[in-house]
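Inspection log for the structure reproduced underneath, given as structure tokens.
The values are calculated or read from the model by the stated rules, or taken from the named source; none is laboratory data. The shown structure was predicted, so the numbers you read here are calculated from the model rather than taken from an experiment. So basically every Cβ, Gly included, is an ideal-geometry build from the backbone, and we count neighbours across all protein chains shown.
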Amino acid sequence: MTDWNKRYETGDTPWEKGLAAPPLLEVLGKLGLGIWGNGPVLVPGCGHGHDVRPLAAAGLAPVGLDLAPLAIAAAEAYPKAGEESFEQADFLDPEWREGKSYSAIWEHTCFCAINPSRRDDYAQACADLIKPGGRLIGVFFLTPNEPGTENEGPPFNSTIAEIDARFAQWFDREHGWIPEMSHPGREGQEWIAVFRRK
């Protein structure tokens, strides 16, 4: 199991780009605020909170969640952009999820970071936390690894078909497209999806 706090401690954080995911800004620009609902928005695996702050600046109430205390401490050190908050906890822990409810979840680098054997647990967590009619909105990193190294990670590869299948029990997909905006080096390797909770 990956020791995420240790990776922050040693600076082994290639996912840490210092700014928000370009596909998140694309989603906000193309689909607006209506898809996020009127409740809090959860951002699991938030790291330094770069995706949390644009959501807060847009007037939403995002909650950044991360396993690593060092990530949360770094996120909280940034100036506030709005009504954001941060919490250190395990997204996959059923006890943590108890009694919690969100109008939307923003996914970026969490799904690809967990071992594929836990992806059904991830889908279950999303289903437990998102209100009926709420949405899972995310950019999924499909092919971070070259052919022949698909199972090496984190991050781990995935396919659109697999992602659809993982969430089909609880969600209907409303949108799916290859983002026009990506971090350098990720062009054509990501997929934006919007799933609505049944």
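A search for C-beta distances below 8 Å between a residue of the stretch 162-179 that is more than 15 Å from Ala104 (Cα to Cα) and of a type in the set (Phe, Trp, Tyr) and any residue that is in a strand (DSSP E or B) and at pLDDT 95 or above, counting only pairs 6+ apart in sequence or on different chains, returns Trp177/Trp191; Trp177/Ile192.
Does Leu92 meet the test of being crowded, with 20+ Cβ neighbours inside 10 Å and either in a loop (DSSP other than H, G, I, E, B) or within 13 Å of the chain's Cα centre (by Cα) (or both)?
Working: crowded, with 20+ Cβ neighbours inside 10 Å: no; either in a loop (DSSP other than H, G, I, E, B) or within 13 Å of the chain's Cα centre (by Cα) (or both): yes.
So Leu92 fails the test.
Of the residues making up the stretch 31-61, those that are assigned to a helix (DSSP H, G or I), surrounded by fewer than 20 Cβ atoms within 10 Å (Cβ to Cβ) and either of a type in the set (Val, Ile, Thr) or in contact (Cβ under 8 Å) with a residue 40 or more places away in the chain (or both) are Leu31, Ile35.
Across the stretch 13-30, the qualifying residues are those that are modelled with pLDDT under 85 and surrounded by 13 or more Cβ atoms within 10 Å (Cβ to Cβ), and the one among them that is nearest to the chain's Cα centre (by Cα) is Trp15.
Annotation: of all residues in the stretch 107-158 being assigned to a helix (DSSP H, G or I) and among the charged types (D, E, K, R), the one that is nearest to the chain's Cα centre (by Cα) is Arg119.
Taking the criterion of being crowded, with 21+ Cβ neighbours inside 10 Å, at pLDDT 95 or above and assigned to a loop (DSSP other than H, G, I, E, B), would at least one residue in the stretch 73-81 satisfy it? No, the stretch 73-81 contains no residue that is crowded, with 21+ Cβ neighbours inside 10 Å, at pLDDT 95 or above and assigned to a loop (DSSP other than H, G, I, E, B).
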